[in-house]
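**Student:** Take this structure first; my questions come after.
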Amino acid sequence: MTVSDEVRVWRLRARGFAVAGALCLALILLLKILDPTEFVKSSIGPLVLVLVVLWLYGLYCTSRYWKDFREDEIRRGGSAETAREKWHKLHPPPG
């Protein structure tokens, strides 16, 4: 697998975990709002744990994505600074 393929794989994984985490959070909120029974109250704890695990693995995937992105840019003749500039063009910081 080339470095560019690795970049694509980690980008896909990071996006996948972000979507899964958002869906898990939406499910938690929906269950909490719509059905405040004892069953739902007992199932929210494990869902929160799943959300935390998804969030942590998403952070890991994002850091690997950045690392492989930077290495790929350096191998193509750029520098760490040009990699950072390209990264910010692709993923602008909020605000």
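**Student:** I'm spelling it out carefully: the read-out is Cα extents along the principal axes in Å, the candidates are [x] 59, 33, 14; [y] 130, 23, 13; [z] 35, 25, 20, and one was derived from this structure. Which label?
**Tutor:** So the structure-derived entry is [x].
**Student:** Give me the percent of the accessible area of the range 3-90 that comes from carbon and sulfur atoms, probe 1.4 Å, all protein chains in place. Don't skip to the end; give the middle numbers.
**Tutor:** On the way: 4120 of 6060 Å².
It is 68 percent, rounded to a whole number.
**Student:** Could I have the simple spin-label model distance between residue 29 and residue 4, label points 7 Å from Cα toward Cβ, reported in nm to one decimal?
**Tutor:** Label at residue 29, label at residue 4, 3.9 nm between them.
**Student:** Quote to one decimal, in nm, the extra length available between residue 48 and residue 84 on full extension: 0.36 nm per residue of separation minus the C-alpha distance between them. Don't jump to the answer; show the numbers that get you there.
**Tutor:** Numbers: separation 36, 0.36 × 36 = 12.96 nm, distance 3.34 nm.
Residue separation times 0.36 nm, minus the Cα-Cα distance, leaves 9.6 nm.
**Student:** Still on this model: Can you give the relative contact order of the range 3-90 as a percent, counting alpha carbon pairs under 8 Å and 6+ residues apart?
**Tutor:** Relative contact order comes out at 42 percent.
**Student:** Add -39500 (n - 2.57) for each DSSP H run of 4 or more in the chain, then divide by its residues: what number comes out at 222 nm, to the nearest 500 deg cm²/dmol?
**Tutor:** Per the formula, -30500 deg cm²/dmol.
**Student:** When the Karplus curve 6.51 cos²θ - 1.76 cosθ + 1.60 is applied with θ = phi - 60°, which whole-Hz ³J(HN,Hα) does each residue of the range 50-64 get, with x for Gly and Pro?
**Tutor:** 4, 4, 5, 5, 4, 5, 5, 5, x, 4, 4, 4, 5, 5, 5
**Student:** Could you state the accessible area per residue of the range 3-90 in Å², with a 1.4 Å probe and every protein chain left in place? Don't jump to the answer; show the numbers that get you there.
**Tutor:** On the way: 6060 Å² over 88 residues.
That works out to 69 Å² per residue.
**Student:** Computed FRET efficiency, Cβ-Cβ of residue 41 and residue 18, R0 25 Å: what is it to the nearest 0.05?
**Tutor:** Details: r = 27 Å, r/R0 = 1.08.
Plugging the Cβ-Cβ distance into 1/(1 + (r/R0)^6) gives 0.40.
**Student:** Near residue 67, which aspartates and glutamates are there with a Cα under 15 Å away, not counting those fewer than 8 places off in the same chain?
**Tutor:** The qualifying aspartates and glutamates are 5, 6, 81, 85.
**Student:** Right, next: Under 21 Å between alpha carbons, and skipping anything fewer than 8 positions from residue 32 in its own chain: which lysines qualify?
**Tutor:** Here the lysines satisfying the reach criterion relative to residue 32 are 41.
The values are calculated or read from the model by the stated rules, or taken from the named source; none is laboratory data. As the structure is a computational prediction, the values presented were derived from the model and not from experiment. Backbone-built Cβ (ideal geometry, glycine too); neighbour counts: all protein chains shown. When the accessible area is computed, the model is the full protein with side chains, heavy atoms only, and any ligands, DNA or RNA have been set aside. Shrake-Rupley method; radii C 1.70, N 1.55, O 1.52, S 1.80 Å.
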